[in-house]
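The values are calculated or read from the model by the stated rules, or taken from the named source; none is laboratory data. Given the structure is predicted, the values throughout are model-derived calculations rather than measurements. Methodologically, a virtual Cβ is constructed for each residue, glycine included, from the backbone with ideal geometry; neighbour enumeration extends over all protein chains shown.
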Amino acid sequence: MKRTINYDYIKLSAGALVIILAFLLAYIPRPPETPAESGIRNLAVLEDKSGLLTYAEVQERDRPFRAQPTSRMFEKHSASAFWMRFTISPSHLGPNFYLETEAGNLENFVVYFPDHPPVFSGKKIPAREVPVKARIWYTPIPDNLSESKPVYIRLQSNTILRIPLRVIPDTRVISKVSGEFFFFGIFFGAIIAVFFINLFSYAIVKNRIFLFYVLYLLSLLAYHFRVHGFLYYFGLPFSVYEAILWLSLAGLGIFMILFAQAFLGLPARYPRIHLILNVFIGLFLVQTLLGVAGNSLAANKIAYVTGMIVPIIIIATTAYDYFRGNREARYYLLAWCALFAGTLIWSLTAYVDSFVPTSYIFVVGSTIDSLLFTLAIFDLIKRELREKEMLVAREQYYIELASTDPLTNLYNRRFLEEEVRRIDQDQEPFTQNSMIMIDLDNFREVNERFGHMAGDAILIRISEAIQKRIKKSDIACRYGGDEFLLLLYNTLLPGARDIAEQVRQDIARMDLASETGEKFTITASIGVSECRAEDSFEGLFLRADHALLKAKRSGRNSIASL
């Protein structure tokens with residue numbers, strides 16, 4: 001036990017290390033991208049709180065643009081419109097260059113190249129009108145663009161404005177787009193595979209834990225497809241696109257809570273935690289109603305609260321449960337830590353600028369936690385099956401204990417009576433059956449002369465001899481102290497007499513010895529009867545008993561039949 005628990009600690013420690021590395025990967029400071037690398041120079045940002053400024057107005061000299069130290073813009077959630085102003089390095093001008101705007105969730109933005117018509121883009125623009133079908137935005141740069149004249153971008157969004165700008169050639173666009181599809185395809189494929197594994201498991205096992213987790217995975221896939229821009233290619237209206245975001249986010253929260261309540265048995269074991277999580281289910285519903293109604297800013301504020309507090313509550317409860325002895329919670333705890341880390345990294349982008357796209361970390365974290373949650377479920381199911389097997393084995397043990405003679409391991413008289421009662425209730429035909437009744441000759445004298453231990457040894461050996469001569473479907477029981485009764489199914493009198501004679505000879509040939517080494521033998525008298533038409537167990541039993549008396553009167557160590 002101690003060694004296994006240590007392995008659990010190693011797993012938990014490894015999970016903690018991975019989480020720390022993920023945070024470092026996202027938020028550790030890195031050298032800024034130089035203009036020579038990004039092709040972007042002199043980036044500045046203007047906040048338009050009214051949202052009414054035009055392209056001509058922002059070009060006025062007195063506009064308070066804020067210079068940016070790098071080629072990236074970062075703004076928290078805001079209802080304001082923002083204007084970006086920059087120039088493009090001469091080395092990045094010419095045919096087949098694209099402006100990369102790495103912000104896949106932008107609803108709409110407009111790129112103003114000097115002396116060229118504005119280029120409209122964003123999620124509200126139909127996908128067929130976008131020049132490059134990709135998860136993020138690629139805007140073709142005019143061939144004759146002047147390096148001295150600034151480019152402007154106007155954007156307004158309910159999402160976080162974390163926007164790195166780059167100018168890249170078309171060959172790199174192709175490689176990046178194909179690479180991203182490959183990356184997301186691998187991890188989405190893994191989540192889809194886990195989804196079907198859990199779906200089939202639910203169809204087989206019918207355990208509601210699988211159902212809650214399947215619904216969670218369905219919500220997770222819908223959420224990822226939405227926030228990473230892949231639903232955009234289906235040409236859905238923007239209102240539907242937004243509704244999917246909030247409905248999938250609600251599904252993530254609600255079904256994960258229901259999953260946790262069922263997995264940890266919260267209603268019975270931790271009722272207060274169960275009640276608190278039910279309150280958060282209500283918050284998820286409020287958040288969804290606000291988001292679908294178009295109040296994204298208020299919905300986002302609730303989402304950050306629910307997305308942070310719910311995982312902490314469940315992780316704390318799971319850790320407490322684990323350290324109280326529920327070892328099946330180890331993968332569940334790891335999964336929640338991975339989910340919380342991915343969610344935290346994803347959510348912190350509202351307040352802290354990250355240097356690696358958190359979408360990648362979030363997708364990888366979601367895939368890892370989906371695999372760990374599946375392991376946790378199967379761990380739980382394995383424990384439940386093990387407990388059921390133990391209960392069945394225990395029940396079977398007590399059934400056998402109640403129906404078996406503890407000395408000989410043959411059935412006892414009680415079992416035989418139950419079997420006869422079952423036959424009568426089921427109205428099974430009792431024909432073509434036979435009965436053998438065995439009584440040891442002078443067994444009391446053997447007990448008195450050689451002791452009860454010798455007598456018990458004789459009974460054990462005789463029971464072994466009997467079991468060798470009958471079929472598995474036949475019933476052999478110790479009916480009394482030294483009396484045995486055999487009920488032979490589908491065996492007529494001649495066959496029964498043959499079995500009786502074999503048993504009689506087996507008993508007579510036994511080499512027996514007392515504890516002092518004194519040799520002796522024992523014999524048996526046997527009565528055999530065959531079931532007659534319209535007969536019953538009582539009739540068969542009485543004739544076998546009379547046949548046994550007849551064998552004893554004839555001098556013992558013999559067989560008689562009626």
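A few comments on the model shown:
- Just one of (1) free of Cβ contacts under 8 Å to residues at least 60 places away in the same chain; (2) more than 57 Å from the chain's Cα centre (by Cα) fails for Lys468. It is (2).
- Condition check for Gly282: at pLDDT 90 or above and of a type in the set (Gly, Ala, Ser): yes
- Lone qualifier among Val132, Val110, Val119 - being touching a Lys or Arg at 6+ places or on another chain (Cβ under 7 Å) and without any contact (Cβ under 8 Å) to a residue 60 or more places away in the chain: Val110
- Restricting segment 236-248 to residues that are at pLDDT below 80 and either part of a loop (DSSP other than H, G, I, E, B) or in contact with a Ser or Thr (Cβ under 7 Å, 6 or more places away or on another chain) (or both) leaves a set whose member that is surrounded by the most Cβ atoms within 10 Å (Cβ to Cβ) is Leu236.
- When segment 125-138 is limited to residues that are more than 38 Å from the chain's Cα centre (by Cα) and surrounded by 13 or more Cβ atoms within 10 Å (Cβ to Cβ), the one that is nearest to Gln156 (Cα to Cα) turns out to be Ile125.
- Among the strands (runs of 3 or more DSSP E) confined to segment 80-126, the ones with at least 2 residues that are assigned by TED's automatic domain parsing to the domain that holds Pro150 and in contact with an Asp or Glu (Cβ under 7 Å, 6 or more places away or on another chain) are located at 81-88.
- As a summary of the residue check, Ile559 satisfies the conditions (1) touching a residue at least 60 places away in the same chain (Cβ under 8 Å); (2) under 59 Å from the mean Cα position of the chain (by Cα) except for the one numbered (2).
- Look at (1) farther than 18 Å from His228 by Cβ; (2) part of a strand (DSSP E or B) and you find that Arg162 fails only one, number (1).
To keep it simple, each residue is scored yes or no on (1) surrounded by 14 or more Cβ atoms within 10 Å (Cβ to Cβ); (2) farther than 23 Å from Arg421 by Cα; (3) over 60 Å from the mean Cα position of the chain (by Cα); (4) not hydrophobic (A, V, I, L, M, F, W, C).
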| site | (1), (2), (3), (4) |
| --- | --- |
| Pro494 | no, yes, yes, yes |
| Ala500 | yes, yes, no, no |
| Val503 | yes, yes, no, no |
| Ile507 | yes, yes, no, no |
| Ser514 | yes, yes, yes, yes |
| Lys519 | no, yes, yes, yes |
| Ile526 | yes, yes, yes, no |
| Glu530 | yes, no, no, yes |
| Glu538 | no, no, no, yes |
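- In segment 413-446, of all residues being surrounded by fewer than 18 Cβ atoms within 10 Å (Cβ to Cβ) and of a type in the set (S, T, N, Q), the one that is modelled with the highest pLDDT corresponds to Asn442.
- Restricting the first member to segment 293-307 and to residues that are farther than 19 Å from Ile254 by Cβ, and the second to residues that are surrounded by 15 or more Cβ atoms within 10 Å (Cβ to Cβ) and of a type in the set (Ser, Thr, Tyr), no beta-carbon pair is closer than 6 Å while six or more apart or on different chains.
- Residue that is nearest to Glu100 (Cα to Cα), among those in segment 50-82 that are of a type in the set (D, E, K, R) and modelled with pLDDT under 90: Arg72
- Residue satisfying condition, being among the aromatic types (Phe, Trp, Tyr), in the same structural domain as Val364 (by TED's automatic domain parsing) and surrounded by fewer than 16 Cβ atoms within 10 Å (Cβ to Cβ), within set Tyr233, Tyr213: Tyr233
- Positions within segment 491-508 being in contact (Cβ under 8 Å) with a residue 12 or more places away in the chain and out of contact with any strand residue (DSSP E or B) (no Cβ under 9 Å at 6 or more places or on another chain), in sequence order: Gln502, Asp506
- Any chance Tyr98 is among the aromatic types (Phe, Trp, Tyr) and either without any contact (Cβ under 8 Å) to a residue 24 or more places away in the chain or more than 25 Å from Phe225 (Cβ to Cβ) (or both): no
- Residues (modelled with pLDDT of 90 or more and in a helix (DSSP H, G or I)) located in segment 524-541: none
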